[in-house]
Amino acid sequence: MEEQTLLQDARRGNLEAFNQLVLIHQNHAYSFAYRMLGEEEGAADAAQQAFLSAYRHLNELRGESFRSWLLRIVANACLDELRRRKRRPSVSLDDLAAGEEDDRSDESLSILADPTEGPESAAVRSDLRRSIEDCLSLLPPDQRATVLLVDVHALEYGEAARALRVALGTVKSRVARARADLRDCLRAKGELPPQARRLESEAHA
Amino acid sequence: MNPPERLDPQLLEMLSAYLDGGLEGAEKAALEARLNKEENLRWQLAELRSVRDSLRTLPLRKPPRSLALTTALAGKSAGKPAVFSPRRMAFGSALASLAFVCVLSLDVLSRGAFLPAASAPRSLSANEAFSAPRQSSDTSGAGKSAATVAPASLPATETPSPAATPRIGTGSDNSIPTETLAETPTTSPMLGGGCGDCAATEEHAVNPPQVASLPFVATPQPQALPDFQTVAPYLEVLFALAALLLAAAAVFVRRRH
């Protein structure tokens, strides 16, 4: 069923139609929340709260794609949560255990995995992915949210600016700084993305 | 080869925007000209592109559980804001402010009716209008029609009508300036208090030429005006309660959100 039809039905109170939308967009919402908050349960809670908020305020969605609107809600919820954590830092043992489990497990990453990919290249890819996520977690939250929205979730600069309630120029400079910081971080880990490594080896030759 | 030198933030921003097709016209041409000449810049661009492409292919994660909403979780139908939604509470806050302003206004109006002469306006005002019926009831006890006697006996230039209220007559309010009392014509029915003034009142009542010679004759207000004074305190309390309730609800909702 088309997204617009689902939205219309959901606006009339059809929870089943809304849950179809949840199924379509939950990976985006959860991935964003996970990379912002860095732990599974908190990310799942934040994403579900965002869906709940979206469901209750569906009539406020006007002239914008559902995904970008949803990501805006998730982004603000995550930034609020990070500010709250900064004010009252508390890391439970469960969180630590969950974090370690995340590092070891790639089960949740099977969505875009290429089935034709050999084990060696899959391992390299997995290492690079982990390094990128580690480096992402080192970025300041505002920069992280911006680069995730633009580069990972493919929002336009304007959409990202609306989502984060900042000026277009702010989005541009945050994205530039985030990409440069990620590049530096990956270089320090010896994990420059393949193209750059190729370029580097060409330069050596 | 060593890693490329760091770029200044402005150039970095331009390179990043160029990657996303965000540069146009002269700006784009200028950057492309530099890219043709400067190897370091080409290197920087290649690295940034590589980072961006890696981010773009970063796989999405599956949530550990379904994020679908259950009926219990959804609670109510879509699009219908909660009774105490922040938007409604914003409107409630505005109403609370309005109610507060109403309380203040009512308070000022009702207090104004008892203001001493010195602070009362010199022309006929609402204060005079409120005080007039009181005079009416008091003077009628003296067997005269106060509607014609009391207000008419007050010269418009020195209108001390609020001072003519029973409160002042009892002498309980000491805030009346002495000069005001001195200026106040002795013909005022209640200033002297007691029945000693009745004679003066009568004197004015039976002396129409003097009344006629006054430049301004205050017309007594309709009898409905005392009702306002009676109702005003209740209205004040009502508005104050409304303001309090709305403010409490707003605080409650803000905490929940």
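Rg over Rh for segment B:9-50 works out to 0.92, both radii taken from alpha-carbon positions and Rh defined as the Kirkwood radius. Rounded to the nearest 10 square angstrom, residue B:20 shows an accessible area of 50 square angstrom against a 1.4 Å probe. With K and R counted +1 and D and E -1, the other residues having a Cβ less than 15 Å from that of residue A:87 yield a net charge of +3. Taken along the Cα-to-beta-carbon direction at a fixed 7 Å, the label points for residue B:94 and residue B:37 span 5.9 nm. Other residues lying with their Cβ under 13 Å from the Cβ of residue B:26 contribute a combined charge of -1, Lys and Arg counting +1, Asp and Glu -1. Filter the cross-link list A:86/A:189; A:189/B:28; A:86/B:28 down to pairs whose alpha-carbon distance in this structure exceeds 30 Å. Distance filter (> 30 Å) returns A:189/B:28; A:86/B:28.
The values are calculated or read from the model by the stated rules, or taken from the named source; none is laboratory data. Worth saying up front: this structure is predicted, and the values here are computed from it rather than measured. Cβ: placed from backbone, ideal geometry, glycine included. Neighbour counts: every protein chain shown. What goes into the accessible areas is simple: the full protein's heavy atoms, side chains included, and nothing from ligands, DNA or RNA. Shrake-Rupley method; radii C 1.70, N 1.55, O 1.52, S 1.80 Å.
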